Amino acid sequence: MGTDALILCGGQGSRLQEVVSDRPKPMADINGRPFLSFLLDQLLASGFREVILCTGYKGEQIEKTFGELYKELVIKYSRESKPLGTGGAIRQALSLVQTEAVMVMNGDSFIDANLSAYLAWYLENKHEASLLLTYVPDTSRYGRVEADANGCIIRFEEKGQGLGPGWINAGVYLLRKSLLECIPSGKFFSLEREFFPDQVNKGLYAYQCHGKFIDIGTPESYASAERFFVGIGR
């Protein structure tokens, strides 16, 4: 494959606490299996053979469940001892990344997209940083991402601001390791609020798709997850 994968699994998931209080969000039960297993199956189907899991809150549950091997997928762990945010967690895990680029995934969302095609597009165009976007009927819950005619991201709009259809961040990124090394080490740092906005007009590109998307961060969206995965064939 030639590109490492990393899944962010460290968040506490405060909005989901009322229905999933005894485990980290990626371990939420969907059809009798952890949500995280759907992401691991997607990576396997896309040709990945190694993944780094960035754990934090109740991370021992993830390690106990998945161990060092999931089917043919080798698992490595980077566990934070204090909350580091999405960017800080990635920065801590960089010592385990062995490739020039890394695919980063959020551990609480799923996009039914062709990750192999996304990776091929990224490598062919020699991009430094890219976001996988999907089109939804209402962007207000997620925030909106705008790109120009060349696919270069020109603006992020905060959640709750814009109503109606548009492109949203689907939580899958392809990023150069050297770019991520600029994130301060050992400090709380947000990829979404600090890193990506700073990359606007510096070569941050959008890969657009129309795949089904779910974020299980709220009780309402979690309740729809069982139905969501029917027919996705993972």
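Brief remarks follow.
- Counted residues, the stretch 29-39 - those being within 18 Å of Ala89 (Cβ to Cβ) and out of contact with any helix residue (DSSP H, G or I) (no Cβ under 6 Å at 6 or more places or on another chain): 1
- Residues of the stretch 161-196 that turn out to be in contact (Cβ under 8 Å) with a residue 12 or more places away in the chain and loosely packed, with under 14 Cβ neighbours inside 10 Å, as a count: 10
- Extreme residue, nearest to Leu44 (Cα to Cα), among residues of the stretch 205-234 that are over 16 Å from the mean Cα position of the chain (by Cα) and among the aliphatic types (A, V, I, L, M): Ile232
- Checked against (1) surrounded by fewer than 16 Cβ atoms within 10 Å (Cβ to Cβ); (2) touching a residue at least 60 places away in the same chain (Cβ under 8 Å), Ala206 passes all but condition (1).
- In summary, Ile52 fulfils each of the numbered conditions (1) touching a residue at least 24 places away in the same chain (Cβ under 8 Å); (2) outside any strand (DSSP E or B); (3) not acidic (Asp, Glu) with the single exception of condition (2).
- The set of residues in the stretch 197-234 being among the acidic types (Asp, Glu) and farther than 16 Å from Ile168 by Cβ consists of Asp198, Glu220, Glu226.
- Each residue in the stretch 26-47 was checked for being in contact (Cβ under 8 Å) with a residue 60 or more places away in the chain, over 15 Å from Ser109 (Cα atoms) and in a loop (DSSP other than H, G, I, E, B), and 3 pass.
- Subset of the stretch 69-87 (residues that are assigned to a strand (DSSP E or B) and either surrounded by 14 or more Cβ atoms within 10 Å (Cβ to Cβ) or touching a Gly at 6+ places or on another chain (Cβ under 6 Å) (or both)): Tyr70, Leu73, Ile75, Lys76, Tyr77, Ser78, Arg79
- Every listed requirement among (1) in a loop (DSSP other than H, G, I, E, B); (2) charged (D, E, K, R); (3) surrounded by 14 or more Cβ atoms within 10 Å (Cβ to Cβ) is met by Arg91 save one, (1).
- Scanning the stretch 122-140 for residues that are over 26 Å from Cys182 (Cα atoms) and touching a strand residue (DSSP E or B) at 6+ places or on another chain (Cβ under 8 Å) turns up Thr134, Tyr135, Val136, Thr139.
- The residue that is modelled with the highest pLDDT, counting only those in the stretch 15-25 that are in contact with a strand residue (DSSP E or B) (Cβ under 9 Å, 6 or more places away or on another chain) and not in a helix (DSSP H, G or I), is Pro24.
The values are calculated or read from the model by the stated rules, or taken from the named source; none is laboratory data. None of these values were measured; they are calculated from a predicted model. Cβ atoms come from the backbone with ideal geometry, glycine included; neighbour counts cover every protein chain shown.
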